[in-house]
Every structure is written in C-alpha cells, then in structure tokens.
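Asker: Dropping a structure here in structure tokens format, bear with me for questions.
The values are calculated or read from the model by the stated rules, or taken from the named source; none is laboratory data. Bear in mind the structure is a predicted one, so any value in this text is a computation, not a measurement. Cβ placement follows ideal geometry from the backbone for every residue including glycine, while neighbour counts extend to all protein chains displayed.
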Amino acid sequence: MKISKDDIISILFLFPLYAFLAVMVFIPLLNVVLGSVGISLFGGQSKFSLEGYLKFIDPSEPYLYSLFFTIYISLIATVISVIAGYLFAVYLTIKKPRIWQKISTVMTVPLFVPYVVGAFMWWTLLFPSGYLSYVINGILMSLGIIKSPIPLVNDPHGIGILFGEVWIRFVVAFMMFYGPLQLVSQDLVDAARTLGASTWDIIRKVYIPITKYSIIATSAIILLATMAGVSIPLILGGSWPQFLNVMIYIDVTRLFRFQTAYVSGVFYIISSLVLGYIFFRFTTKRVIIQVR
C-alpha cells in the first residue's frame, strides 16, 4: 500500500494528539488492567494472579457491597439532580423571570467551589449540632415520621453524600439543559397552548421528546462524575459502607493493597466505557439527525 504525501502530512499533524492520548489515557488504563492481574507495566515484581478479583467478589469482603452502594447512591443523586435541573431550566425557559439575571451568578457558585470545601460546608450544616439538622429533624419529628433525630451526615444511608452531590450536580444538569431548551421553537409551544395543552403537557409532549438525547447524555455524565468523586463521599460518608473510590484511596494510602485497588479501578473503567457508549451513541445519533 502506497502512502501518499497527504497521508504523511496528516500523520505528522496528528502525531502530537496520538502521543498525548497514548501517554495520558491508554498507557495508564493499560497499567490498571494489567495491575489488576498482578503484572507490572513499569518494572517490579510481576506474577499473574486473580487474587484481587477473587477478593473483590468475595461476599465476606467489603468491595462488592461498596460497589453496589456506590451505584445506588450515585443513581439517586443523578435522578434528583437531573429532574430538578431540568424542571428549573424549563421554568426559566417558559417564564423568563427578570430575577434570573440577578441569580445567574449565584447559580454558578457550586461550579467554582472545590469539592472539599463544599463537602465540609454541608458537614457543618448537617452534623448533629448543625442548624439544618435541627430544622430537618424537627420537621420530621413534628410530623411523626421519626421518633428521634436521625444522623444526616457520616450516616450509613448516604444521606449526607446525597446533599453534597446534588448541590453540585444540580447546577451542572441545569447548565447542560438550559442551552438545548432555548433551541426549542416557540411556535411549537404556542401551537400546543392553542390546542389546549397545559404546562405539564408541553413539558411531557414538547420539551422532553425534543431534548431526550440531552437528558440521556447529561444523566450519563452526572452519574459517572458522581461515582468517580472522592472528596464528598470521603467527608460526608459514614465509616461503613464506603464509596468504592474511597476504598481505593484506603487500599493505596493505608493498606497498600495495590492489586485490589487496581481491580476496583477496572470496574470504574467498565462503568466509564458503558456510560461513554451511551453518551456517544445517543448524542452522535442526534447530531446526525440534525445535520440531515
């Protein structure tokens, strides 16, 4: 096969990109996969072993339960963030309140606050002596839902993690929904109202069908970001169960169980591949339809 001059120019032009992807993406991922079976990519002792995988799936070990807990809490945080962010974006699209220009700056605050700072902020609000803890527990006790105060932070149910994650992810979801919603033709909305559609009918039959690919892509991004975060579950989570990424942190920095940490990393890579497929599969399809 003869290589033309244009092919050589293209290869030279894209070589820095390929080199960057190899060094920053593919080699680290390969190192994680090989490390999970006891093979060292950068020297050191190498011995093929599936001990890490056997320990991970062992019900007596904490890793499998940590994986389920991570997925469970991340899914709840994603659903809350996506629904709240979408409804708020729809509200601003329909009502267009003047106050939006004043609160738009405040809306971006969580995007620029480090996760550690945000997590500690919620910890001070939700720990047993925090005023939000007093308010929430007081309301629940007055309604007869609970008989005694429940822990809202460092709790085994992940309530504190949900507060911290939703606070950040809600803004991300809103920002990702607001732009596509502005592209929906106002003529469709006016036509629906002329035919007697209510606001909820317009949301269900106009906005959601048109922006469904944006909803899917945003959900995948937020779910992956929530599962991959360390600061919020480390500070707001309980001593048990832990997020899987916190287990990786403990294995590497305290217990020096590197192979087990690599195995946990493999499960995160699989999650990334699945969610990445969902993201590109549906968003790319939407772009092709729009171009046509």
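Asker: Run residue 108 past the list (1) at pLDDT below 90; (2) farther than 22 Å from residue 80 by Cβ; (3) among the hydroxyl-bearing types (Ser, Thr, Tyr) and report the number of the one that doesn't hold.
Answerer: (2)
Asker: Considering (1) under 23 Å from residue 221 (Cβ atoms); (2) in a loop (DSSP other than H, G, I, E, B), say which one residue 26 fails and leave the rest.
Answerer: That leaves (2) as the condition not met.
Asker: Say whether the condition of being within 30 Å of residue 158 (Cβ to Cβ) and among the hydroxyl-bearing types (Ser, Thr, Tyr) is met by at least one residue in segment 44-55.
Answerer: For segment 44-55, residues within 30 Å of residue 158 (Cβ to Cβ) and among the hydroxyl-bearing types (Ser, Thr, Tyr): present.
Asker: Let me confirm something: among 132, 162, which residue is farther than 21 Å from residue 223 by Cα, touching a helix residue (DSSP H, G or I) at 6+ places or on another chain (Cβ under 6 Å) and either of a type outside the set (Lys, Arg) or modelled with pLDDT of 90 or more (or both)?
Answerer: Being farther than 21 Å from residue 223 by Cα, touching a helix residue (DSSP H, G or I) at 6+ places or on another chain (Cβ under 6 Å) and either of a type outside the set (Lys, Arg) or modelled with pLDDT of 90 or more (or both) holds for just one of 132, 162, which is 132.
Asker: What's the number of the only condition in (1) of a type in the set (A, V, I, L, M, F, W, C); (2) in contact with a Leu (Cβ under 6 Å, 6 or more places away or on another chain); (3) surrounded by fewer than 20 Cβ atoms within 10 Å (Cβ to Cβ); (4) closer than 18 Å to residue 278 by Cβ that residue 208 fails to meet?
Answerer: Tallying (1) of a type in the set (A, V, I, L, M, F, W, C); (2) in contact with a Leu (Cβ under 6 Å, 6 or more places away or on another chain); (3) surrounded by fewer than 20 Cβ atoms within 10 Å (Cβ to Cβ); (4) closer than 18 Å to residue 278 by Cβ, residue 208 fails exactly one: (2).
Asker: For segment 183-192: of the residues being without any contact (Cβ under 8 Å) to a residue 60 or more places away in the chain and in a helix (DSSP H, G or I), which is nearest to residue 89 (Cα to Cα)?
Answerer: Restricting to residues being without any contact (Cβ under 8 Å) to a residue 60 or more places away in the chain and in a helix (DSSP H, G or I), the top hit is 186.
Asker: Kindly provide the set of residues from segment 95-120 that are among the aliphatic types (A, V, I, L, M) and loosely packed, with under 14 Cβ neighbours inside 10 Å, ordered by number. Full working, then the answer.
Answerer: Start the filter on segment 95-120 by keeping residues that are among the aliphatic types (A, V, I, L, M), which leaves 99, 103, 106-107, 109, 111, 113, 116-117, 119.
Hits for segment 95-120 are 99, 103, 106, 109, 111, 116, 117.
Asker: Of the conditions (1) surrounded by 12 or more Cβ atoms within 10 Å (Cβ to Cβ); (2) over 16 Å from residue 118 (Cβ atoms); (3) aromatic (Phe, Trp, Tyr), residue 131 satisfies every one except a single condition; which number is it?
Answerer: (1)
Asker: Now for a separate question. Enumerate the helices (runs of 4 or more DSSP H) found wholly within segment 193-292, keeping only those where 1 or more residues are within 24 Å of residue 69 (Cβ to Cβ) and modelled with pLDDT of 90 or more.
Answerer: Here the list reads 212-228, 231-236, 244-250, 258-291.
Asker: Of all residues in segment 51-73, how many are in a loop (DSSP other than H, G, I, E, B) and surrounded by 13 or more Cβ atoms within 10 Å (Cβ to Cβ)? Break it down into steps so the answer makes sense when it comes.
Answerer: Residues of segment 51-73 that are in a loop (DSSP other than H, G, I, E, B), as a first pass: 58-62.
Those still in the list that are surrounded by 13 or more Cβ atoms within 10 Å (Cβ to Cβ) too: 61-62.
Of the residues in that region, 2 qualify.
Asker: Here is a follow-up. Filter segment 265-276 down to the residues that are closer than 15 Å to residue 31 by Cα and out of contact with any Ser or Thr (no Cβ under 8 Å at 6 or more places or on another chain) and list them by number.
Answerer: The first filter runs over segment 265-276 and keeps only residues closer than 15 Å to residue 31 by Cα, leaving 265-270.
Selection gives 267, 268, 269, 270.
Asker: Identify, by number, the condition in (1) free of Cβ contacts under 8 Å to residues at least 40 places away in the same chain; (2) within 25 Å of residue 268 (Cα to Cα); (3) not in a helix (DSSP H, G or I) that residue 2 doesn't meet.
Answerer: Failing condition for residue 2: (2).
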